[in-house]
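One structure is given here, and the rest of the page talks about it.
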Amino acid sequence: MESIKLSTSKRIDLLDITAEVSRAVTKNKIHDGICIIFCPHTTAGLTINENADPAVKQDIINALNKLIPVSAGYAHAEGNSDSHIKSSLFGPSLTVLVENGKLALGTWQGLYFCESDGPRNREVWVKVIKNHA
Amino acid sequence: MESIKLSTSKRIDLLDITAEVSRAVTKNKIHDGICIIFCPHTTAGLTINENADPAVKQDIINALNKLIPVSAGYAHAEGNSDSHIKSSLFGPSLTVLVENGKLALGTWQGLYFCESDGPRNREVWVKVIKNHA
Amino acid sequence: MESIKLSTSKRIDLLDITAEVSRAVTKNKIHDGICIIFCPHTTAGLTINENADPAVKQDIINALNKLIPVSAGYAHAEGNSDSHIKSSLFGPSLTVLVENGKLALGTWQGLYFCESDGPRNREVWVKVIKNHA
């Protein structure tokens, strides 16, 4: 596997990691397969969404904060219960097809690291599995 | 990969795509492996849920609309911010086991394309990876 | 595939299945690959989250119950519409990397079976795909 190092600057943020993951895929020189992206943290997750209008990213963050408020009488004493819950809503991993040696994404799709308890130094793990049909 | 073409008729709907994905898997003639289903759109997602009582589908749609209302002062100007957020909640991909040449699903499970910004012409990508143990 | 049998004791609960899945992976003797964990039920799901402080688990359950109340005028007559919706929010499958013959998880990560309509006898399916690079 490959580890991509990330550094987040806000408590809650979406970081576009499409370029970093694409580079890891290209390096592998696998023409046809799948790429698994895994987040080894419990207060961050991964998603795929629009990477054109930055307002989409802001709307996603605002909606997450409305659904899972930062403070809501949580039992966990570290002040990041909301971050744990948010990370489970989006999930810890993504699987993307690899076609012609590249990540196969829709026109408007980008891969996002969803930080919910930053700022922190983070990493994302990437592995490409070859299709031996 | 295989592309399955879909046509949706409502703004928000769940389309049962189990038969289409099953056909793509059977065609591949892979006895033992995994099947990845990927949605290349940013205002639609994928999920697995009950395919017996249609009321479940309606309850899921109503719950999504309560959690993420169509209008809620979003920043994104295209009128489909709710659709982007809904697609991230369910996620862009599914991984299902392939056993004896078929999708291995529980008794009540069906695969759903979750349209959140229809009606539109859509597609879903399918790839089967063989288990060379 | 391998089937892991589970027995849940509450209507809504998170069961740590990390040890059971890890055993299934070790048994396979695959050094480098991916592990897919699949839930064949429509009123349960899977997630990865913190396995240190049990308060996190309780906060996740409480937040799910706030987002998707047990009773909310649902159409489905079996009294478990909330369970179906909850299962789609977390999703039916997980993909985890296998490195050096073991599940590759972050320091604080555990795998959870998310029961939403217990108590019941359940199962979880596990398959390991080898990386033939």
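The values are calculated or read from the model by the stated rules, or taken from the named source; none is laboratory data. None of these values were measured; they are calculated from a predicted model. When we count neighbours, we look across all protein chains shown, and the Cβ atoms used for this are built from the backbone with ideal geometry, even at glycine. Side chains included, ligands, DNA and RNA excluded: accessible areas come from the protein's heavy atoms. Shrake-Rupley method; radii C 1.70, N 1.55, O 1.52, S 1.80 Å.
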Give the interface area between chains A and C as buried accessible surface, both sides summed, probe 1.4 Å, in Å² to the nearest 100.
2400 Å²
Hey, what's the protein assembly as shown come to in accessible area per residue, 1.4 Å probe, Å²?
38 Å²
Copies compared at A:ALA55 - label distances in nm, ascending, label defined 7 Å from Cα in the Cβ direction:
4.0, 4.0
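Rounded to the nearest 20 debye, what is the charge dipole size of the range B:7-77 about its Cα centre when +1 sits on each Lys and Arg Cβ and -1 on each Asp and Glu Cβ?
For this selection, approximately 240 debye.
Counting other Cβ atoms within 10 Å of each Cβ, which GluC sites (Glu not before Pro) in the range B:1-105 have at most 16 and sit in a DSSP loop?
Answer in residue order: B:GLU78.
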For the protein assembly as shown, the dipole about the Cα centre with charges only on Cβ (Lys and Arg +1, Asp and Glu -1), to the nearest 20 debye, works out at 860 debye
Chain C, dipole about Cα centre (Lys/Arg Cβ +1, Asp/Glu Cβ -1), debye to the nearest 20
320 debye
When the solvent-accessible surface of protein heavy atoms is calculated with a 1.4 angstrom probe, in what order do C:HIS84, A:HIS31, C:HIS132, B:HIS41 fall, highest first?
A:HIS31, C:HIS132, B:HIS41, C:HIS84
Convert each backbone phi in the range C:108-117 into a coupling constant with the Karplus relation 6.51 cos²θ - 1.76 cosθ + 1.60 (shift: θ = phi - 60°), then list the ³J(HN,Hα) values in order as whole Hz, x for Gly and Pro.
9, 8, x, 8, 10, 8, 9, 6, 10, 8
Percent of all Cα-Cα pairs per 20 Å bin for the protein assembly as shown, counting from 0 up to the last occupied bin, reads 30, 64, 6
Any idea what the B:PRO119 label distances to the other copies are, label 7 Å down the Cα→Cβ vector, nm, shortest first?
5.0, 5.0
In nm, one decimal, shortest first: how far is the label point of A:ASP32 (7 Å from Cα along Cα to beta carbon) from the matching points in the other copies?
2.2, 2.2
In deg cm²/dmol and to the nearest 500, what is the mean residue ellipticity at 222 nm of chain C if only DSSP H runs of at least 4 residues count, each as -39500 (n - 2.57), divided by the residue total?
-8000 deg cm²/dmol
Can you give the direction-averaged projected area of the convex hull of the alpha-carbon atoms in chain A, in nm²?
8.5 nm²
Rounded to the nearest Å, what's the spacing between the alpha carbon centres of the range C:27-80 and the range B:1-69? Just the number, please.
20 Å
Mind checking which aspartates and glutamates have their Cα closer than 17 Å to the Cα of B:LYS29? Skip sequence neighbours fewer than 8 apart in that chain.
B:GLU2, B:GLU20, B:GLU99
How much accessible surface does B:ARG11 have with a 1.4 Å probe, in Å² rounded to 10?
70 Å²
Per the 1.4 Å probe, what fraction of the accessible area of the range C:73-133, in percent, lies on carbon and sulfur atoms?
44 percent
Residues of the range C:68-96 losing 30 Å² or more of accessible area relative to the isolated chain, 1.4 Å probe, heavy atoms only?
C:ALA75, C:HIS76, C:HIS84, C:ILE85, C:SER88, C:LEU89, C:PHE90, C:PRO92, C:THR95
Compute the projected area of the convex hull of the Cα atoms of the range B:67-107, averaged over all viewing directions, and report it in nm² to one decimal place.
4.6 nm²
D (Stokes-Einstein, µm²/s), Kirkwood Cα radius, the range C:1-66, 1.306 mPa s at 10 °C:
114 µm²/s
For the range A:1-62, with all protein chains present and a 1.4 Å probe, just round the carbon and sulfur fraction of the accessible area to a whole percent.
51 percent
